[in-house]
Amino acid sequence: MRDFQKDYSFFQDGEKLFEAAMQGNAQRVPVFAQMHEYAMKEIGANATEFYSTPELLVYGTLEISEKIGLDIPYLDYDCYNIEAEALGQKMIWSDNNIPDIDRNQPLINGPQDLDRIKTPDFDNGRGRKIVEAKRLFLKATGLQPTLGFCAPFSFAANLRGIESLLLDLYTDPGFARELFTRATENVIAPWILYQKEHFPDAVSITGSDATASLPIVSPDILREWIIPYILRLRELCGPELSVPNWVGEAFLSDPCEMLDLKLEVTTKFIEGQDPDVETLGPELYKQYAKKHDVPLILGIGACFLAFSKPDQVAERVKYYVESGKDYGRFALYLCNLGDTTPSENVGAAINAVRTYGVY
């Protein structure tokens, strides 16, 4: 039986290691991961139970984070869904797959549906359960939880459908502006502030926005339609708010154009993930971080971790770690460990960090 009372306060040492790494005075490169799907598989839970039961989500994540040797436990979940589900968007739940938006039944089919975007009652439904999960995480670790949210563009894409939303930007920009404004101010900001009420000492507010990546969008769309609403959220919710997970700079002739845009919505660090880092090389990111005097986080890709051999994983981790270690202000991120990620690949990655990441 799972121990729902276990003390995981030892992860505070990993948090101190990460903080030291961001300042450039750590003894070793820290490693963390997005791994809720992997944790679900490892503890043998089904998706419906895992994503709706705070105890399973928290203690499952902590148990597997300890087992595989992560320095920092990251309490993640299907954060793209929480606001949309609270608003009434139809969802698809199953025992085998992470819950997802029912993309055949979008909540917003046109301007006539904008009045549906009202501030939900987050005390009912999974909003309350997410807060309870974060409370359990704080109790078990002594670490402040990250306050998560779905960023405006990805949120609007979930409500409207990505193809329709992109078309709206050109054919009905007034409707698109109103959709983004209402999504930002009526739903996402209240969700963040609801979390802040429960965790006033939280130091990180992190948005998920994978849909706002190249080649789905362009740099011009990022500038005109995406960044302004993230900056508006920062005004409403606090300067600690960031959105770090755009990808796609390898599609540009000048990748630093995308890194400049990323820096506008993170400010305190720069993050690169595979396949961009694989294509461009870690040196580009290191030089960019040095130039702008910010810490660097590099992510090993989810597909690479799932389908490569352990020795290939170890070699790539060694390459990224030795490059980033040369800069000093550096951490390694394992991107989205899933239910198809072999445990031997996870072990190879973490062992390589511990072997090659010592200063």
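Summary table below
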read-out: Conditions (1) modelled with pLDDT of 95 or more; (2) under 23 Å from His36 (Cβ atoms): number failed by Gly125; value: (1)
read-out: Total residues in region 80-106, condition surrounded by fewer than 18 Cβ atoms within 10 Å (Cβ to Cβ) and of a type outside the set (Phe, Trp, Tyr); value: 13
read-out: Count of region 216-240 residues which are part of a helix (DSSP H, G or I) and more than 20 Å from Pro173 (Cβ to Cβ); value: 5
read-out: Candidates Asp168, Asp209 - the one that is free of Cβ contacts under 8 Å to residues at least 24 places away in the same chain and crowded, with 20+ Cβ neighbours inside 10 Å; value: Asp168
read-out: Residues of region 306-345 classified as out of contact with any Lys or Arg (no Cβ under 8 Å at 6 or more places or on another chain), in a helix (DSSP H, G or I) and under 28 Å from Tyr288 (Cα atoms), total; value: 12
read-out: Single residue of Asp123, Asp115 found to be without any contact (Cβ under 8 Å) to a residue 40 or more places away in the chain and either surrounded by 14 or more Cβ atoms within 10 Å (Cβ to Cβ) or within 21 Å of His198 (Cβ to Cβ) (or both); value: Asp123
read-out: Subset of region 26-48 (residues that are in contact (Cβ under 8 Å) with a residue 24 or more places away in the chain and either loosely packed, with under 13 Cβ neighbours inside 10 Å or of a type in the set (Ser, Thr, Tyr) (or both)); value: Gln27, Tyr38, Thr48
read-out: Close pairs (6 angstrom Cβ cut-off, 6 or more residues apart or separate chains): closer than 13 Å to Arg316 by Cβ in region 337-359, assigned to a helix (DSSP H, G or I) and not hydrophobic (A, V, I, L, M, F, W, C) anywhere; value: Asn345/Pro310; Ala348/Pro310; Ala352/Lys318; Tyr356/Lys318; Tyr356/Glu322
read-out: Qualifying helices (runs of 4 or more DSSP H) (wholly inside region 1-106; at least 3 residues being at pLDDT 95 or above, assigned by TED's automatic domain parsing to the domain that holds Gln273 and acidic (Asp, Glu)); value: 11-23, 54-68
read-out: In region 325-337, the residues that are closer than 19 Å to Phe304 by Cα and either hydroxyl-bearing (Ser, Thr, Tyr) or more than 20 Å from the chain's Cα centre (by Cα) (or both); value: Tyr333
read-out: Helices (runs of 4 or more DSSP H) completely within region 132-213 that count 1 or more residues being within 17 Å of the chain's Cα centre (by Cα) and not assigned by TED's automatic domain parsing to the domain that holds Thr53; value: 152-160, 189-198
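The values are calculated or read from the model by the stated rules, or taken from the named source; none is laboratory data. None of these values were measured; they are calculated from a predicted model. Cβ: placed from backbone, ideal geometry, glycine included. Neighbour counts: every protein chain shown.
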